[in-house]
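These notes are about the structure you will find just below.
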Amino acid sequence: MRRAIVAIFLTASVVSLAADDLKVMSAGAVEPGLVRLIEQFKRSSGHSVEVQFGSAPQLTARLEAGQPGDVLIAPTAVMDRAVAARKVDSSTRTPVGRVGVGIVVRRGAAAPDVSTPDRLKNALLGADAVMFTRGSSGQYVERLLTKLGVAAAIASKIVRAEDGEGL
């Protein structure tokens, strides 16, 4: 499954910022790359950047609470809710990337057959561990495990990491 991540300029464009500070709310999935990009932006523009990373529910809660910001980088579902609630300017919505969900196995282990839902279930039930993040993609995986009917059966094998680097 792939989710588009989009950016919306909430109150001003980067080019015409009146203030020296740029406030960014971002999904955690893009943190490693965004941190490097922000450092380059700060050096070249002279602006300071305050960024808060969070999961989709955390970003939604911040928007609903009226937290001000200039840029939002979030999964499509968060963006859709923000646009519907008029928390962001829909004309500035721009896709900037995708986040995918995949399966990896230990070096030397045979790749499981996950070509059908039943084969995916069997692979999950036979796995030593099932690892995923607490971010948006991990929340998708949790819903998928429930939908497949294996969440309870593999609960003791689940390992959640704060971010992709923790996996």
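Per-structure values
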read-out: For residue 139: the one exception among (1) among the polar types (S, T, N, Q); (2) closer than 22 Å to residue 33 by Cα; (3) part of a loop (DSSP other than H, G, I, E, B); value: (3)
read-out: Complete set of residues in segment 41-77 that are part of a helix (DSSP H, G or I), out of contact with any strand residue (DSSP E or B) (no Cβ under 6 Å at 6 or more places or on another chain), modelled with pLDDT under 90 and closer than 21 Å to residue 95 by Cβ; value: 41, 77
read-out: Any hit, segment 1-20, residues being modelled with pLDDT of 85 or more and among the acidic types (Asp, Glu); value: no
read-out: Filter result for the condition that a residue is more than 23 Å from residue 38 (Cα to Cα), at pLDDT below 90 and among the β-branched types (Val, Ile, Thr), over 116, 133; value: 133
read-out: Single residue of 156, 137, 115, 91 found to be of a type in the set (S, T, N, Q) and in contact with a Lys or Arg (Cβ under 8 Å, 6 or more places away or on another chain); value: 137
read-out: Members of segment 61-109 found to be loosely packed, with under 11 Cβ neighbours inside 10 Å, within 30 Å of residue 128 (Cα to Cα) and over 20 Å from the mean Cα position of the chain (by Cα), listed by number; value: 106, 107, 108, 109
read-out: Filter result (assigned to a loop (DSSP other than H, G, I, E, B) and loosely packed, with under 13 Cβ neighbours inside 10 Å) within segment 142-162; value: 149
read-out: Qualifying positions in segment 79-104 - modelled with pLDDT under 90, within 24 Å of residue 138 (Cα to Cα) and of a type in the set (A, V, I, L, M); value: 96, 99, 101, 103, 104
read-out: Selected residue [under 30 Å from residue 59 (Cβ atoms) and among the aliphatic types (A, V, I, L, M)] from 127, 109, 161; value: 161
read-out: Residue, nearest to the chain's Cα centre (by Cα), within segment 110-130, restricted to residues that are without any contact (Cβ under 8 Å) to a residue 24 or more places away in the chain and not in a loop (DSSP other than H, G, I, E, B); value: 123
read-out: Failed item in (1) surrounded by fewer than 14 Cβ atoms within 10 Å (Cβ to Cβ); (2) among the basic types (Lys, Arg); (3) within 26 Å of residue 146 (Cβ to Cβ), with residue 121 passing the rest; value: (1)
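The values are calculated or read from the model by the stated rules, or taken from the named source; none is laboratory data. Note that the coordinates shown come from a computational prediction; the quantities given were computed from them, not determined experimentally. Cβ sites come from the backbone with ideal geometry, for glycine too, and all protein chains shown count toward neighbours.
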